[in-house]
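Here is the structure we will look at, set down as structure tokens.
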Amino acid sequence: MPRIDELFQYLKEKKGSDLHLAAGLEPRVRIHGSLAPVAGWPAQSHDELLSLLREIVDEERWNDYTRSGDLDFAYGLEGVARFRANFLRQENGCGAVFRIIPETIVPLADLNLPKAIEALAHLQQGLVLVTGPTGSGKSTTLAAIIDRINSTYSRHIVTIEDPVEFVHQNKLSVFSQREVGTDTVSFGAALRAAIRQDADVILVGEMRDLETIALAITAAEMGALVFGTLHTNGAANTIDRLIDAFPADEQAQIRTTLAESIAGIVSQLLLRTADGRGRCAVNEILLKTSGLPNVIREGNTPMITSIIQAGRTQGMQLMDDALMALVEQQRITPREAYLKASNKARFEGMIEEDS
């Protein structure tokens, strides 16, 4: 057994999310958002850490890492979990970060997410974006939505990821899970192919460049239900980010296309719970309404706040309102809400009362 597996088992037992390794430092794990050293493990030298890392990759991947200084892949430890792995080179030598991916997909019902998010699994077509910073649980939420589709409908679901994270078993639907670099040369190439592969549902692991964004919008326009992720905060910022990815002379056209294609945007954050024993998700939700396409076409994204406020009965909500609800339910502290809020003044008085 590779020695590093001991660290993966420790991470799982401590209910951590990430393992951080760096030459000259002791291994550390992220638990409920904070980094802590692994008990019983000393600092690892560059050569010691290289030896640990070398045990879990084949020769081809190791050569890629030694040549470029970066490597992304997935590693599975039976009975423990799968891990999204990133090897890197840094100032003091080698390093690596591993993100735990649960072996079983958490059902939507168990995630305690708003019902409006579950409704996204029942759409027939359009572009749905789940956004938020790294580590905000986007992949977990998307996996649960895809699992609900898999349990409810007979569809061809194509996932394009780097690397493949959650492994889905065929239920009512049929899966084609493709890993960039192994099964396909790029997100763009796989998206082009998916359009020709009779895909009903397409999951794009990360919409990181112009080509991928353009093809995802096109696939949605052509009738597929497309899910993607972006590292943006808030629905309005997400739409602006998509438009700004295009050259200025193409932005008017893409606004028109996006206005028709967009079906929903869910922005997500993970917050430390008030008891300090875990984390909970909080979401801003924008759904397609009759007025949304016109707002996008005209570039009037500040109006999106008004659309969300007017759509509360449909399940839409602003991030600050969702934060306030969690504070009132005493699931998070006012300070935690204040740190994530857009309108911080709304929470300042509550912090003073709480202190």
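Where a number appears in this text, it was derived from the coordinates with a stated rule and is not lab data. As the structure is a prediction and not an experimental result, all values here were calculated from the model. Backbone-built Cβ (ideal geometry, glycine too); neighbour counts: all protein chains shown.
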Q) Just for the chain, what percent of DSSP beta bridges are antiparallel, to the closest 5? A) 60 percent
Q: Would you tally the net charge around Ala39, using a Cβ to Cβ cut-off of less than 12 Å, leaving Ala39 out, and scoring K and R as +1, D and E as -1?
A: -1
Q: Please give the contour-minus-distance gain from His156 to Val80: 0.36 nm per residue of separation, less the Cα-Cα distance, rounded to one decimal in nm.
A: 24.4 nm
Q: Please give, to one decimal in nm, the separation of the simple spin-label points placed at Asn294 and Asn343, each 7 Å out from Cα toward the Cβ.
A: 2.5 nm
(Q) Quick check on the chain: helices-only [θ] at 222 nm, where DSSP H runs of length 4 and up contribute -39,500 (n - 2.57) each and the sum goes over total residues. Nearest 500, please. (A) -10500 deg cm²/dmol
(Q) Is there a quick way to get the dipole size of the range 5-101? I mean about its Cα centre, with the Cβ of Lys and Arg at +1 and of Asp and Glu at -1; what is the value in debye to the nearest 20? (A) 480 debye
Q) Cα extents of the chain along the three principal axes, largest first, in whole Å? A) 59, 58, 42
Q.
Modelling each spin label as a point 7 Å along the Cα-to-Cβ direction, I'd like the Glu103/Ala248 distance in nm, to one decimal.
A. 5.6 nm
Q | Shape category assigned to the range 164-305 from the gyration tensor of Cα positions, a/c cut at 1.5 | A | oblate
Q. Contour minus end-to-end for Glu13 and Leu88, with contour as 0.36 nm per residue of separation and end-to-end as the Cα-Cα distance?
A. 24.4 nm
Q. Could you give the longest part of the chain that holds none of the trypsin sites (Lys or Arg not before Pro) found in DSSP loops with at most 12 neighbouring Cβ atoms within 10 Å?
A. 16-276
Q: Along Cα→Cβ, 7 Å out, is where each label goes; now give me the distance between the ones at Met222 and Arg54 in nm to one decimal.
A: 4.6 nm
Q: Give the residues of the range 313-350 whose amide nitrogen is closer than 18 Å to a point set 7 Å from the Cα of Asn237 in the direction of its Cβ.
A: 317-324, 336-347
Q | the range 121-230: C-alpha gyration tensor shape, a/c 1.5 cut-off, then a/b vs b/c | A | rounded
Q) GNM on the chain, C-alpha springs below 10 Å: top fluctuator among Val158, Val128, Val97? A) Val97
Q | Model label zone, Arg312; criterion: amide N under 18 Å from point 7 Å along Cα-to-beta-carbon; scope the range 331-352 | A | 342-343, 346-347
Q: Choose one answer from Leu339, Leu127, Leu142: the residue with the largest mean-square fluctuation in a GNM of the chain with alpha-carbon springs under 10 Å.
A: Leu339
Q. Where in the range 130-162 is the amide nitrogen less than 15 Å from a point lying 7 Å along the Cα-to-Cβ axis of Ala193?
A. 157-162
Q) Among rounded, prolate and oblate, which fits the range 5-101 when a ≥ b ≥ c are the square roots of the eigenvalues of its C-alpha gyration tensor, a/c under 1.5 means rounded, and a/b larger than b/c means prolate? A) oblate
Q. Toward the positive end of the charge dipole of the chain, about the Cα centre and with charges on Cβ (Lys, Arg +1; Asp, Glu -1), which of Leu11, Asn170, Thr289 goes farthest?
A. Thr289
Q | Cβ-placed point charges (K, R +1; D, E -1), dipole of the chain about Cα centre in debye, nearest 20 | A | 720 debye
Q) Between the DSSP loop rule and a limit of at most 15 other Cβ atoms within 10 Å, which GluC sites (Glu not before Pro) in the range 34-112 are left? A) Glu55, Glu78, Glu91, Glu103
